[in-house]
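Colleague: Have a look at the structure that comes next, please.
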Amino acid sequence: MQELDGKHIVLGLTGGIACYKSAELCRLLVKAGATVQVVMTEAATQFITPVTMQALSGRPVYGSQWDVREPNNMPHINLSREADAIVLAPASADFIARLVQGRSDELLSLLCLARPAERVPLLIAPAMNREMWVHPATQRNLRQVDADGARVLGVGNGWQACGETGDGRMLEPAQLFEEIVAEFQPKVLAGEHVVVTAGPTFEALDPIRGITNHSSGKMGFAIARAAREAGAEVTLIAGPVHLPTPRGVQRLDVTSARQMLEATLGATQRASVFVATAAVADWRPASHSEHKIKKDGSGQPPVLHFVENDDILLTVAQGARAKAGELFCVGFAAESENLVEHAKAKRARKGIPLLVGNIGPLTFGQDHNSLLLVDADGVRELPRAPKLMLARELAAEIAARLPSGRQR
Ligand code: C5P
């Protein structure tokens, strides 16, 4: 089972140097199981040839509304009815302006106008020079296409082909791919605000050393991504990890448990779900040396003193919002044995409705995992699968447990 099995995407290219990135996007979509029908404006063919896009999509490219290949000679109707989504990448400033006006004198704008809006989403990946991007006309047009039901995917920042630097670059193919995949996920957490802690914490001894826990952060990042795909607003509080931020997720980087606690207390003030996946260090050094602790030649190691860190999950779960049922708390437990017993005991000790257990050594740094869900009704296993798949299942499990019609 691949991410986009059974999905049919109309990929529309308009005039812009970013067309070269669309070749890679097409490849990613096809590799993920989608069928891709490329439609190009005349301007797009100045930047990349239909031959390239035909070879990558495995289908002849459309470019004219007078295409005689269609028996009824209505490619705008046929192409838009077959689609599960229409993606415009790159979408030029001119093309966006044309959408605003409902122009339809060439195939791509015509099929966008003919799109059955209630079931075929229109995703727009703008690409243009930074001055064109910030121009009030462009910004006005973007607001209008958004109000008309399209989803504007945003732009990147950086070096532009014109030699200038700023906003307006088309998003990278992998980012666009992530957005397209997200579009198809059920919006089970729409309207929720989910806070996730992820990764380890690092408790400094001196400027060079410290103690930490094993944790790649992959499970927590997958949960943040899945929650966002499910329609939630997501705040991800991350310890020191080397992972890219999922699209559309607000990330707060922290180092120590105390910083993580502070960030979490702030973010959960207006959240409705809290998922604690972080491997928080249980102890921190009682004192922090301003300079590196040196060997003194005596052969005796230094005596280190530790104090216990606050339990972030426990603190939040015992707070007023969780107690009032406004904040649904989910804990994680990484064990090495007796998972069911430990997980049940931990759920009771933390006073939380849902605890997710996993076997530590089988998950650390891995892309796959299996989860054990423990709630008041008992135990349920989510069998071994990629972490993102498990995270999506967990998002649905959380959604099913949220009190309906809750006041936030
Ligand atoms: O008690 P234990 O550390 O095994 O509990 C694990 C759960 O508690 C995880 O959800 C973890 O994120 C959370 N936790 C926390 N703050 C701590 C310790 C654990 O939030 N100081």
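Read the figures in this text as sums done on the coordinates, not as results from a lab. Please read these numbers as outputs of a predicted model, since none were measured by experiment. When we count neighbours, we look across all protein chains shown, and the Cβ atoms used for this are built from the backbone with ideal geometry, even at glycine.
Colleague: How would you order 85-93, 72-80 from highest to lowest mean count of nearby Cβ atoms within 10 Å?
Modeller: Details: 85-93: 25.8, 72-80: 17.9.
Ranking, from highest mean packing down: 85-93, 72-80.
Colleague: Arranged from highest to lowest average of other beta-carbon atoms within 10 Å per residue, in what order do the peptides 339-352, 255-268 appear?
Modeller: On the way: 339-352: 16.8, 255-268: 19.6.
Descending packing order for the listed peptides: 255-268, 339-352.
Colleague: To the nearest 20 debye, what is the magnitude of the charge dipole of the range 8-183 about its Cα centre, counting +1 on the Cβ of each Lys and Arg and -1 on the Cβ of each Asp and Glu?
Modeller: Values: 15 positive and 19 negative charges, 23 e Å.
Using only the charged Cβ atoms, the result is roughly 120 debye.
Colleague: Moving on to the next point. Return the equivalent ellipsoid semi-axes of the chain as a descending list in whole Å, where each equals the square root of 5 times an eigenvalue of the C-alpha gyration tensor. It would help to have the intermediate numbers written out before the result.
Modeller: Numbers: eigenvalues 439, 122, 75 Å².
In descending order the semi-axes read 47, 25, 19 Å.
Colleague: As an exercise, identify the trypsin sites (Lys or Arg not before Pro) in the range 174-223 lying in DSSP coil whose Cβ has no more than 16 other Cβ atoms within 10 Å.
Modeller: Working: sites: Lys187, Arg209, Lys218; in loops: Lys187, Arg209.
Those satisfying the criteria are Lys187, Arg209.
Colleague: Please compute the net charge surrounding Ala343, taking Lys and Arg as +1 and Asp and Glu as -1 over other residues with Cβ under 12 Å from its Cβ. Could you put the intermediate results ahead of the total?
Modeller: Numbers: positive: Lys344, Lys346, Arg347, Arg349, Lys350, Arg380; negative: Glu335, Glu337, Glu341, Asp375, Glu381.
Computed value for this residue: +1.
Colleague: Moving on. Just round it to a whole percent: the fraction of Cα-Cα distances in the range 8-183 exceeding 30 Å. Present the calculation step by step, with values, prior to reporting the outcome.
Modeller: Numbers: 1505 of 15400 pairs.
Result: 10 percent of Cα pairs exceed 30 Å.
Colleague: Please state the shape class of the range 336-408: rounded when a/c is under 1.5, otherwise prolate if a/b exceeds b/c and oblate if not, all from the C-alpha gyration tensor. Mind showing how you got there, number by number?
Modeller: Numbers: a/c = 2.39, a/b = 1.29, b/c = 1.85.
Oblate is the answer for the range 336-408, as a/c is 1.5 or above yet b/c matches or exceeds a/b.
Colleague: Something else now. What length, rounded to one decimal in nm, is gained on full extension from Asp5 through to Ile359, with 0.36 nm per residue of separation minus their alpha-carbon distance?
Modeller: Working: separation 354, 0.36 × 354 = 127.44 nm, distance 3.10 nm.
Additional length available on full extension: 124.3 nm.
Colleague: Would you work out which of Thr201, Met219, Val249 lies farthest towards the positive end of the dipole of the chain, given +1 charges on the beta-carbon of Lys and Arg and -1 on that of Asp and Glu, about the Cα centre?
Modeller: Going by the Cα projections, it comes out as Thr201.
Colleague: Of the peptides 289-302, 311-324, how do they stack up when ordered by the mean number of other Cβ atoms within 10 Å, highest first?
Modeller: 311-324, 289-302
Colleague: Of all chymotrypsin sites (Phe, Trp or Tyr not before Pro) in the range 157-207, which ones are in loop regions per DSSP and have a Cβ with at most 16 other Cβ atoms within 10 Å? Mind showing how you got there, number by number?
Modeller: Working: sites: Trp159, Phe177, Phe184, Phe202; in loops: Phe184.
Qualifying residues, ordered by number: Phe184.
Colleague: A further question on this structure: Report the full-extension gain for the segment Asn338 to Asp105: residue separation times 0.36 nm, less the Cα-Cα distance, to one decimal in nm. All intermediate terms of the calculation are to be shown ahead of the outcome.
Modeller: Numbers: separation 233, 0.36 × 233 = 83.88 nm, distance 6.73 nm.
Gain on stretching Asn338 to Asp105: 77.2 nm.
Colleague: Moving on to the next point. Report relative contact order for the chain in percent, whole number only (criteria: Cα-Cα under 8 Å, sequence separation at least 6).
Modeller: Working: 857 pairs, mean separation 43.8, N = 408.
Rounded, it is 11 percent for the chain.
Colleague: I would also like to ask the following. Which whole-Hz ³J(HN,Hα) couplings does the range 131-142 yield from phi under the Karplus relation 6.51 cos²θ - 1.76 cosθ + 1.60, θ = phi - 60°, glycine and proline marked x?
Modeller: 5, 5, 5, 7, 4, x, 5, 5, 4, 4, 5, 5
Colleague: Still on this structure, I have one more. Give me the extension gain from Asp375 to Gln46: residue separation times 0.36 nm, minus the current Cα-Cα distance, reported in nm with one decimal. Spell out each step's value before the answer.
Modeller: Numbers: separation 329, 0.36 × 329 = 118.44 nm, distance 5.88 nm.
Between Asp375 and Gln46, full extension yields an extra 112.6 nm.
Colleague: Per residue, how big is the convex hull around the C-alpha atoms of the range 290-403? Give it to me in cubic angstrom, could you? All intermediate terms of the calculation are to be shown ahead of the outcome.
Modeller: Numbers: hull volume 20.6 nm³, N = 114.
So the per-residue Cα hull volume is 180 Å³.
Colleague: Can you list the HN-Hα couplings for the range 143-151, worked out from phi with the Karplus curve (6.51, -1.76, 1.60; θ = phi - 60°), rounded to whole Hz and with x for Gly and Pro?
Modeller: After applying 6.51 cos²θ - 1.76 cosθ + 1.60, I find 4, 5, 5, 5, 5, 7, x, 7, 10 Hz.
Colleague: Relative to the Cα centre, what is the charge dipole magnitude of the chain, using +1 at the beta carbon of each Lys and Arg, -1 at the beta carbon of each Asp and Glu, and rounding to the nearest 20 debye?
Modeller: Working: 43 positive and 44 negative charges, 88 e Å.
Around 420 debye, computed over the chain.
Colleague: Let me ask something additional. Can you list which of the GluC sites (Glu not before Pro) found in the range 139-241 are DSSP loop residues with at most 11 other C-beta atoms within 10 Å? All intermediate terms of the calculation are to be shown ahead of the outcome.
Modeller: Details: sites: Glu164, Glu178, Glu179, Glu183, Glu192, Glu203, Glu229, Glu233; in loops: Glu164, Glu192.
Within the range 139-241, the qualifying GluC sites (Glu not before Pro) (loop, at most 11 other Cβ atoms within 10 Å) are Glu164.
Colleague: From the Cα gyration tensor of the range 201-342, with a ≥ b ≥ c the square roots of its eigenvalues, which class applies: rounded if a/c is under 1.5, or else prolate if a/b is larger than b/c, or else oblate?
Modeller: Working: a/c = 2.06, a/b = 1.85, b/c = 1.11.
Since a/c reaches 1.5 and a/b is larger than b/c, the shape of the range 201-342 is classed as prolate.
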